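Comments concern the structure below.
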Amino acid sequence: MLTGKIRAIITGATGMVGEGVLQECLQSDAVEAVLVINRKLYGVSHPKLKEILHKDFFDISSIADQLTNYNACYFCLGVSSVGMNENDYSRMTYTLTMHVAETLSKLNTGMIFCYVSGKGTNNTEKGKIMWARVKGRTENDLMKLPFKSVYNFRPGMMKPTPGLKNTLKLYNYLGWLYPVIKLFSPNLVCTLKEVGLAMINVSLKGYDKHFIEVPDIKILAKE
């Protein structure tokens, strides 16, 4: 857990999950500063918010001097595995994430690192589902880095936060399914707001698990 207020770095803020987490951080009194690193301009002005545009996440050495004095990272950057082979998906998921995480762990001692993984991730790294193996390997190796703590978030279907501009079209089309799934399989769904609040609260208060499943997200969001 952190002492004092959160100073967070967020990746993936131009995607649905990252934007949702960013909005919760901007609205929270527990967060005093937010740095977003994007490939393209997010374009929102806020007293807490600073934005860096950087194209190559495989090499962030040129912006390293701007990444110090932060105590949390909410890593929401990711790609779909659809249509990708394992080598390409591993490069975009494992290699990229580990480069950013390794750099931050050296620059900020005492940092909390929250990684958006996925429900069904396989930590044995030997399952039949390709993306689950790659995500599992990423989770495992993040846990070996010298962060204060690493929390691997495994949300399932997420209800988007109203009013955000980067909500995936699929979620708009299938939004009617959310209450149905919530009724019959509540451990498969949560809201994007709950994900953001859970990241903030796990940074401040810690948690006894490092693999954060949907029920854990809901518990943490209420603290």
(message) Condition first: under 15 Å from the mean Cα position of the chain (by Cα) and more than 21 Å from Met199 (Cα to Cα). Now tell me which residues in the range 69-91 satisfy that.
(response) Ser80
(message) I want to confirm something. Restricting to the range 12-60 and keeping residues that are among the polar types (S, T, N, Q) and part of a helix (DSSP H, G or I), which single residue is surrounded by the most Cβ atoms within 10 Å (Cβ to Cβ)?
(response) Gln23
(request) Only residues in the range 76-90 that are within 25 Å of Phe113 (Cα to Cα) count as the first member; pair them with residues that are of a type in the set (S, T, N, Q) and open to solvent by less than 50 Å² (accessible area, probe 1.4 Å), Cβ under 7 angstrom, at least 6 apart or cross-chain, and list the lot. (result) Cys76/Thr11; Leu77/Thr11; Gly78/Thr93; Val79/Thr93; Tyr89/Ser81
(request) Residues that are open to solvent by 40 Å² or more (accessible area, probe 1.4 Å), under 22 Å from Gln23 (Cα atoms) and modelled with pLDDT of 85 or more: find the helices (runs of 4 or more DSSP H) completely inside the range 118-223 holding 3 or more of those. (result) 192-205, 214-222
(request) Could you look through the range 187-222, keep only residues that are among the polar types (S, T, N, Q) and touching a strand residue (DSSP E or B) at 6+ places or on another chain (Cβ under 8 Å), and pick out the one that is farthest from Lys144 (Cα to Cα)? (result) Thr191
(request) Could you please find all residues in the range 1-11 being under 16 Å from Ser149 (Cβ atoms), among the β-branched types (Val, Ile, Thr) and surrounded by 19 or more Cβ atoms within 10 Å (Cβ to Cβ)? (result) Ile6, Ile9
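The values are calculated or read from the model by the stated rules, or taken from the named source; none is laboratory data. No experiment lies behind these values; they were computed from the predicted model shown. Every residue, glycine as well, gets a Cβ built from its backbone with ideal geometry; the counts of neighbours run over all protein chains shown. Areas reflect the complete protein model, heavy atoms only, side chains present, ligands, DNA and RNA absent. Shrake-Rupley method; radii C 1.70, N 1.55, O 1.52, S 1.80 Å.
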